[in-house]
1. Which one of Leu161, Leu151, Leu40 has the biggest mean-square fluctuation once the chain is modelled by GNM with Cα springs under 10 Å?
2. Give the share of C-alpha pairs in each 5 angstrom bin for segment 37-131, from 0 to the last occupied bin, in whole percents, shortest bins first.
3. Please identify, among Asp66, Asp107, Asp96, the residue showing maximal mean-square fluctuation in a Gaussian network model of the chain using a 10 angstrom Cα cutoff.
4. For segment 11-40 and segment 115-147, write down the distance between their C-alpha centroids in whole Å.
5. Read phi for every residue in segment 15-28 and hand back ³J(HN,Hα) as whole Hz from Karplus 6.51 cos²θ - 1.76 cosθ + 1.60, θ = phi - 60°, with x for Gly and Pro.
6. Out of the total accessible area of segment 54-194 (probe 1.4 Å, heavy atoms of protein only), what percent is carbon and sulfur?
7. Take the Cα coordinates of segment 6-53, assign each an equal point scatterer, and use the Debye formula without solvent to give log10 I(q)/I(0) at q = 0.32 Å⁻¹.
8. Could you state the accessible area per residue of the chain in Å², with a 1.4 Å probe and every protein chain left in place?
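The values are calculated or read from the model by the stated rules, or taken from the named source; none is laboratory data. None of the values given here were measured: they were computed from a predicted structure. We place every Cβ from the backbone using ideal geometry, glycine too, and count neighbours over all the protein chains shown. Accessible surface areas use protein heavy atoms only, side chains included; no ligands, DNA or RNA. Shrake-Rupley method; radii C 1.70, N 1.55, O 1.52, S 1.80 Å.
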Amino acid sequence: MSATREQLLAKAKKCGEEAKFDDMVDCIFNMIKQNPRLTLEERDIFYIAYKNAVGQRREILRQAPDAAKEREVINLCSEVLEVLENYLIKEAATSDDKVFYYKIKGDYHRYIVEANKSQAHQDKALDSYIMASDYARSLPATSPLRLNVALNYGVLLYEILGDRQRGLSVTKVAVEDASPSAVEALPEQEKKETIFVLSLLSDNIRLWEKEMASR
């Protein structure tokens with residue numbers, strides 16, 4: 001008998017605690033096949049599972065590049081993209097879901113670009129971040145999700161596509177739109193997340209302005 005959704009979720013959490021991220025991926029994928037409309041908790045588990053499974057492989061590839069390791073990264077990123085395209089985006093019920101899934105779609109196309117410089121995946125990463133940014137306009141300017149979209153979109157533009165001015169502009173606008181008074185009014189946990197992402201955005205602004213001034 002196949003495992004229930006509750007059993008798969010419990011197993012995925014246990015695998016995460018034990019850093020068995022490939023097993024965690026298997027659990028969440030089977031759960032998505034049962035019903036691709038995820039709760040916030042399930043959505044976070046999906047994100048954590050693939051982020052860590054892919055992240056481990058990206059780090060290994062950075063330390064010792066070779067064709068086999070590159071294929072591992074590309075294959076797993078492609079799996080995430082198929083899950084997003086065939087299941088999750090189709091069932092995205094809210095603007096928040098759409099922002100979340102299109103941001104991840106942009107991220108995993110970007111990871112493939114980092115591995116093999118694919119022009120097709122550059123274009124798809126750009127399209128995905130644009131979609132995520134469009135949907136993110138319905139979220140508060142202080143939303144950690146909206147700010148994370150701007151963070152990663154800016155990185156794609158500046159560091160990968162070489163569109164430095166546009167990358168800097170996207171990043172600066174995100175920081176400017178998140179007014180300090182609105183940040184202070186957030187619930188404590190959300191405020192911590194927002195302040196953290198704003199610090200990353202601000203770090204990029206300082207670094208990129210310095211780089212551009214020295215050119």
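1. Leu40
2. Histogram of Cα-Cα distances, whole percents per bin: 2, 14, 24, 24, 18, 10, 5, 2, 0.
3. Evaluated over the chain, the most mobile residue of the options is Asp66.
4. Each part's Cα centre sits 24 Å from the other's.
5. 4, x, 4, 8, 6, 9, 6, 5, 5, 4, 4, 4, 5, 5
6. Here it works out to 48 percent.
7. The Cα Debye sum returns log10 ratios of -1.31.
8. Details: 11330 Å² over 215 residues.
Per residue, the chain has 53 Å² of solvent-accessible surface.
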